[in-house]
1. Is it fair to say Val72 is modelled with pLDDT of 95 or more and in a strand (DSSP E or B)?
2. For the stretch 10-59, enumerate the residues that are in a loop (DSSP other than H, G, I, E, B), open to solvent by 30 Å² or more (accessible area, probe 1.4 Å), among the small types (Gly, Ala, Ser) and touching a strand residue (DSSP E or B) at 6+ places or on another chain (Cβ under 9 Å).
3. Just to check your reading of the model, which residue among Ile7, Ile116 is open to solvent by 60 Å² or more (accessible area, probe 1.4 Å), in contact with a strand residue (DSSP E or B) (Cβ under 6 Å, 6 or more places away or on another chain) and touching a residue at least 24 places away in the same chain (Cβ under 8 Å)?
4. Going through the stretch 1-28 one residue at a time, which ones are among the polar types (S, T, N, Q), at pLDDT 95 or above and touching a Pro at 6+ places or on another chain (Cβ under 8 Å)?
5. Does Glu81 satisfy being out of contact with any strand residue (DSSP E or B) (no Cβ under 6 Å at 6 or more places or on another chain), on the phi > 0 side of the Ramachandran plot, touching a residue at least 40 places away in the same chain (Cβ under 8 Å) and among the acidic types (Asp, Glu)?
6. Working only within the stretch 67-89, note down all residues that are open to solvent by 40 Å² or more (accessible area, probe 1.4 Å) and either of a type in the set (A, V, I, L, M) or under 12 Å from Pro118 (Cα atoms) (or both).
Amino acid sequence: MSVDTQIDLEEMHGAIVASVRAAFPSLSTVGDYGESRKSLLVPAVLVELIDMEAAPDDDPGTEQLAVVTHWVARAVMSFKEVNAKIEVRKLAAALGHHVHQQRWGLPVAPARVTVIGPDAFDPDMDRFEVWAVEWEQVVHIGASVFDDAGIVPTEVLIGYTPDIGPGHETDYHPLDGELTVGGE
């Protein structure tokens, strides 16, 4: 098992977009920052990383920076769509369910949905109904100081004080069965 939980944010974007695209094949557009707001094919979902904040309580002990990433996925429908107001809400609810607890196939904390609601979004989107699903995920930025190099133990040995340490190697015994405290 790798101890490296380093995240490439571009890879995470791609994994989120691919997951949404696979889960909602009837969408005309699933994308992120590069999608034109003027010629957007709808229904659509647009994913965006909106900010990151330090997560000091989630220090992985690897000298990586733990951050809480805040994401938004906007469900977009034409206001001309039949029942557009209810349909955009249904899409946002389904999208929220899809995002809930997702890890996107990456070594990140599970997604925690924080808001599902209307979104003012962008003046170019005035001809659309837009609802947003917001969530947060803890990720680790930077490389781990651990490189998985070295010897993987294959046997657990037990020693009892004071017969431990150098010179007492023969006093250690393989662990067979369950370990009990105090030799009970």
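The values are calculated or read from the model by the stated rules, or taken from the named source; none is laboratory data. Since the model is a prediction, treat every value here as computed from it, not as a measurement. Don't worry about glycine lacking a Cβ; one is built from the backbone with ideal geometry, like all the others, and counts go over all protein chains shown. Quick note on the areas: whole protein, heavy atoms, side chains included, nothing else; ligands and nucleic acids left out. Shrake-Rupley method; radii C 1.70, N 1.55, O 1.52, S 1.80 Å.
1. yes
2. Across the stretch 10-59, the qualifying residue is only Ser28.
3. Ile116
4. Answer for the stretch 1-28, where residues must be among the polar types (S, T, N, Q), at pLDDT 95 or above and touching a Pro at 6+ places or on another chain (Cβ under 8 Å): Ser26, Ser28.
5. No; evaluated as a whole, the condition is false for this residue.
6. Matches in the stretch 67-89: Val82, Lys85, Ile86, Arg89.
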